[in-house]
Amino acid sequence: MILLPAIDILGGRAVRLAQGAFDEQTVYDADPLDAARRWVQGGARALHVVDLDGARAGAPVNVEHVRRIATEVKVPVQVGGGLRTIEVIREAVAAGAHRVVLGTAAYRDVDLLDEALAELGDRVVVSVDAREGRLAAGGWLEQTEIPVESVIEKMGARGVRRFVYSSIERDGMLEGPDLDGARRASQAARGSMIYSGGVSDVDDLRALRGLRQVNLAGVIVGKALYEQRFTVADGQAALDGGG
């Protein structure tokens, strides 16, 4: 399992939201590149970058920040937020995204999903964002009644092999991960799963590792790192089984 520091970009700055609410934001870096440098210098093996402006607008807004980050750091960068056409997906890849994270578009436009999978294969990641076990879309602004397990199974049947499971209720709250949700999502997936939401300390990382889900490949951490609850190195050590 690897630790993926999160860089959420809103208004050109690195921020964290609370439970996905755009009016509940904390700014941590005026320049997202500063955050990227800090996490990679601290030992990050990959980064998770989200264009929050793009997620809300339905089209990427911060491509230039993605380009700057991908050019500067020497680790894989996965990028999401507003990727809803094949053209903007290609732009993200051209900007340096190692993987592209699709959310709303993956559910609403299966032709787009199929086209992206045909071009990029397992460089396509589908984000399954859950509130009370149900899918949320549209940058977390639209709540559905669809169980996340059924979404994962349907996406897997179409050929998706990489997923991110995010617990919206826990996101940015530092109240611990949704272990049951992480387990159920991992069990539903036909490929690898990355967990996101609520991690507050290294014990939370050990608990996720302790689920012993062989396809649980990583954990996205944001606020706990920005608030210096632990370092990237300590977090990775916990996921490695030490520390």
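The values are calculated or read from the model by the stated rules, or taken from the named source; none is laboratory data. Here the structure is a predicted model, which is why all the values come from computation and not from measurement. Don't worry about glycine lacking a Cβ; one is built from the backbone with ideal geometry, like all the others, and counts go over all protein chains shown. The area values use the complete protein model at the heavy-atom level, side chains included, leaving out ligands, DNA and RNA. Shrake-Rupley method; radii C 1.70, N 1.55, O 1.52, S 1.80 Å.
Kindly evaluate Glu72 against the criterion of being open to solvent by 20 Å² or more (accessible area, probe 1.4 Å), more than 21 Å from Ser127 (Cα to Cα) and out of contact with any Cys (no Cβ under 8 Å at 6 or more places or on another chain). For Glu72, the condition - open to solvent by 20 Å² or more (accessible area, probe 1.4 Å), more than 21 Å from Ser127 (Cα to Cα) and out of contact with any Cys (no Cβ under 8 Å at 6 or more places or on another chain) - is met. Scanning segment 180-192 turns up at least one residue that is in contact (Cβ under 8 Å) with a residue 60 or more places away in the chain, of a type outside the set (Val, Ile, Thr) and buried (at least 16 other Cβ atoms within 10 Å of the Cβ). Within segment 132-155, none of the residues are in contact (Cβ under 8 Å) with a residue 40 or more places away in the chain, among the hydroxyl-bearing types (Ser, Thr, Tyr), surrounded by fewer than 23 Cβ atoms within 10 Å (Cβ to Cβ) and part of a helix (DSSP H, G or I).
Look at (1) closer than 15 Å to Glu227 by Cα; (2) open to solvent by 50 Å² or more (accessible area, probe 1.4 Å) and you find that Ala6 fails only one, number (2). I'm trying to understand the selection: among the residues of segment 89-115, which are within 18 Å of the chain's Cα centre (by Cα) and in a helix (DSSP H, G or I)? Those that are within 18 Å of the chain's Cα centre (by Cα) and in a helix (DSSP H, G or I): Ile89, Ala92, Val93, Thr104, Ala105, Ala106, Tyr107, Leu113. Considering segment 113-131, and only residues there that are buried (at least 17 other Cβ atoms within 10 Å of the Cβ) and over 23 Å from Pro76 (Cβ atoms), the residue that is modelled with the highest pLDDT turns out to be Ala130.
Consider segment 206-225 and keep the residues that are assigned to a helix (DSSP H, G or I) and open to solvent by 20 Å² or more (accessible area, probe 1.4 Å). The one that is nearest to Ala35 (Cα to Cα) is Lys223.
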